[in-house]
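Step one of this worksheet: look at the structure below.
The values are calculated or read from the model by the stated rules, or taken from the named source; none is laboratory data. Since the structure is predicted, the reported quantities are computational estimates derived from the model, not experimental observations. Quick reminder, even Gly has a Cβ in these numbers, built from the backbone with ideal geometry, and neighbours come from all protein chains shown. Side chains are part of the model used for accessible areas, which takes the heavy atoms of the whole protein and leaves out ligands, DNA and RNA. Shrake-Rupley method; radii C 1.70, N 1.55, O 1.52, S 1.80 Å.
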Amino acid sequence: MSRFYFNLVGKQNVDDPGGLAFENELQAFRAAQRLATDLASAQPPLRGTTCVVVTRRDRGESYYVSV
């Protein structure tokens, strides 16, 4: 399993120090989508101003999901 990190970038910046383990990139991306949806509901001021960025520290790839 690979470890993925879920950072917030934009109006509010938060770094994920621990990350979460997922079988593959698709599972991590879906988790980022759920996180973005939950954040948009719980914190309306973040809508359109913040992204969830999913990264792996061993690769240069990043996935961005808007809140």
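In the chain, what GluC sites (Glu not before Pro) fall in a loop by DSSP, with at most 15 other Cβ atoms inside 10 Å? Before the final figure, lay out the partial values.
Working: sites: 23, 25, 61; in loops: 23, 61.
Those satisfying the criteria are 23, 61.
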Self-check item: Cα-based helix-to-principal-axis angle, 25-42 vs the chain, degrees rounded to 10
Solution: 20 degrees
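What range in the chain is the longest one free of trypsin sites (Lys or Arg not before Pro) that are in a loop by DSSP and have at most 16 other Cβ atoms within 10 angstrom?
On the way: sites that count: 11, 47, 57, 59.
Here the longest run is 12-46.
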Practice problem: Place +1 on the Cβ of every Lys and Arg and -1 on the Cβ of every Asp and Glu in the chain, take the dipole about the Cα centre, and give the residue among 28, 60, 7 whose Cα lies farthest towards its positive end. | Solution: 7
Self-check item: Projected area, mean over directions - the chain, Cα convex hull, nm²
Solution: 4.1 nm²
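When the accessible area of the chain is computed with all protein chains present and a 1.4 Å probe, what percentage of it is carbon and sulfur?
Working: 2110 of 4250 Å².
Roughly 50 percent of what the probe reaches on the chain is carbon or sulfur.
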Quiz item: Based solely on its DSSP helices, what 222 nm [θ] is calculated for the chain when runs of n ≥ 4 H residues each add -39,500 (n - 2.57) and the sum is averaged over all residues, nearest 500 deg cm²/dmol?
Solution: -9000 deg cm²/dmol
